1. Got at least one residue in segment 5-26 being assigned to a helix (DSSP H, G or I) and closer than 18 Å to E124 by Cβ?
2. Any idea which of L68, L108 is within 29 Å of V43 (Cα to Cα) and touching a Lys or Arg at 6+ places or on another chain (Cβ under 9 Å)?
3. Within 30 Å of H147 (Cβ to Cβ) and within 18 Å of the chain's Cα centre (by Cα), is that true of R41?
4. Do you know which of the residues in segment 42-67 that are surrounded by fewer than 17 Cβ atoms within 10 Å (Cβ to Cβ) and among the basic types (K, R) is farthest from K25 (Cα to Cα)?
5. Counting only residues that are touching a Leu at 6+ places or on another chain (Cβ under 8 Å) and closer than 15 Å to A101 by Cβ, which one in segment 115-139 is surrounded by the most Cβ atoms within 10 Å (Cβ to Cβ)?
6. Find the residue count for segment 68-114, including only residues that are exposed (fewer than 14 other Cβ atoms within 10 Å of the Cβ), within 23 Å of A148 (Cβ to Cβ) and either of a type in the set (A, V, I, L, M, F, W, C) or in contact (Cβ under 8 Å) with a residue 40 or more places away in the chain (or both).
7. Applying the selection to segment 115-143, what residues are closer than 27 Å to G73 by Cα and free of Cβ contacts under 8 Å to residues at least 24 places away in the same chain?
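The values are calculated or read from the model by the stated rules, or taken from the named source; none is laboratory data. These numbers were taken from a predicted model, which means no experiment stands behind them. Positions of Cβ are backbone-derived with ideal geometry, glycine not excepted, and every protein chain shown enters the neighbour counts.
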Amino acid sequence: MNVIVLIAAVAAVVVIFGLWYWQRKQRRAELMGRFGPEYERTVASADSRGAGEKDLAEREKRVSKLELKELDGPQRQHFTEEWQGAQGRFVDGPALAIEEADNLVQELMTARGYPTNDFEQQAEDVSVDHPAVVSNYRAAHAIATGHAAEPASTEDLRQAMVHYRALFEELLIPAETASASSGGV
């Protein structure tokens, strides 16, 4: 009788461990699919894979509490015109155009409902819904802030503008359009 109880207990432990392992593997796959390259960046910078995954899950929770909103037609038109102006001014003043692009992205994020008081927090928040372009945002920001310390080349500034544009365009379009064009992410 004791042997049967022992076998049942061991079997129960094995089943519980198997379910836990399967759930963990499913969650990892879900996070990898949702965050793409941001998953790898976060896990690589964390103390462990579990800590990185916990960070990503916390981002999802935090962003789910934000009151993010879509822009209406006139707002999208306003931001589009402002962006076109910044791009047009790049030829005559690349550094000023980059500063303008950064400010415009900040304004757009604010209009959408993202907190904008800390860059890294912004990047993490944006990574939840726009993982494909958050690396662009970080790269553009690095070029723009680096330019303040040591002038960047025109090519670097052009690249920053391209990076800002990628995020700008993602934030500008309605979520259902973004989901349809990106395969549902």
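1. No.
2. L68
3. Working: within 30 Å of H147 (Cβ to Cβ): yes; within 18 Å of the chain's Cα centre (by Cα): yes.
When the stated conditions are applied, R41 passes them.
4. K65
5. Y137
6. 2
7. Across segment 115-143, the qualifying residues are T116, N117, Q122, A123.
Rundown of residues vs (1) more than 26 Å from R138 (Cα to Cα); (2) touching a helix residue (DSSP H, G or I) at 6+ places or on another chain (Cβ under 9 Å), yes/no style:
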{"residue": "V5", "(1), (2)": "yes, no"}
{"residue": "E30", "(1), (2)": "no, no"}
{"residue": "E40", "(1), (2)": "no, yes"}
{"residue": "R49", "(1), (2)": "no, yes"}
{"residue": "K65", "(1), (2)": "no, no"}
{"residue": "D72", "(1), (2)": "yes, no"}
